[in-house]
1. Report, by residue number, each residue of the stretch 85-121 that is buried (at least 16 other Cβ atoms within 10 Å of the Cβ) and hydroxyl-bearing (S, T, Y).
2. Looking only at strands (runs of 3 or more DSSP E) that lie completely in the stretch 1-52, which have at least 1 residues being at pLDDT below 90?
3. Quick test for you: out of G58, G74, pick the one residue that is of a type outside the set (S, T, Y), at positive phi and in contact with a strand residue (DSSP E or B) (Cβ under 6 Å, 6 or more places away or on another chain).
4. Could we say that V39 is of a type in the set (A, V, I, L, M, F, W, C) and in contact (Cβ under 8 Å) with a residue 40 or more places away in the chain here?
5. Could you figure out which of (1) assigned to a strand (DSSP E or B); (2) within 13 Å of the chain's Cα centre (by Cα) isn't true of P91?
6. Please give the number of the condition I48 fails out of (1) surrounded by 15 or more Cβ atoms within 10 Å (Cβ to Cβ); (2) without any contact (Cβ under 8 Å) to a residue 60 or more places away in the chain; (3) of a type outside the set (D, E).
7. Do any residues in the stretch 1-23 that are more than 15 Å from S36 (Cβ to Cβ) have Cβ atoms under 7 Å from those of residues that are of a type in the set (S, T, Y) and modelled with pLDDT of 65 or more, where the two are at least six apart or on different chains, and which pairs are they?
8. Yes or no: the stretch 66-84 includes at least one residue that is within 13 Å of the chain's Cα centre (by Cα), farther than 26 Å from S28 by Cα and crowded, with 16+ Cβ neighbours inside 10 Å.
Amino acid sequence: MIIMPCRLIMKDNQIVKSGNLFSDLPNSIDNETFESVFVAEGCKIERIISKGHHSPDGFWYDQEKNEWVVLLKGSAGLIFENEEEIIEMMPGDYIHIPAHCKHRVEWTDPDVETIWLAVHY
């Protein structure tokens, strides 16, 4: 797990954390990248960066927690187990994936980074 660079500020004895989801993008992306943006009890928010990546053949995500994900840049196709239709996602599109709802990434744009923001809870 990679923690994104951020700025920390003390305000009223509390830490305020800020950053930019479009900064510090890797120069080359051999593997899909998962970076924690925020972690708290029962919740994790991560930035995912893809470029032409997809789930391995026969692999299905089967997650223990619910996931809400929004696509910020690029494009991608998701498919759910026992469904034939690929859900095409463009910037601004989001989807809620309940726990144990098997799904996979069929494709991501090979020409530009696809940046996702995922909330696991």
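1. Those that are buried (at least 16 other Cβ atoms within 10 Å of the Cβ) and hydroxyl-bearing (S, T, Y): T108, T114.
2. 7-11, 14-18
3. G74
4. no
5. (1)
6. If we test I48 against (1) surrounded by 15 or more Cβ atoms within 10 Å (Cβ to Cβ); (2) without any contact (Cβ under 8 Å) to a residue 60 or more places away in the chain; (3) of a type outside the set (D, E), just (2) comes out false.
7. Qualifying pairs under 7 Å: R7/S18.
8. yes
The values are calculated or read from the model by the stated rules, or taken from the named source; none is laboratory data. Keep in mind that this is a model prediction, so the values were computed, not measured. Here the Cβ is made from the backbone with ideal geometry for all residues, glycine too, and neighbour counts use every protein chain on show.
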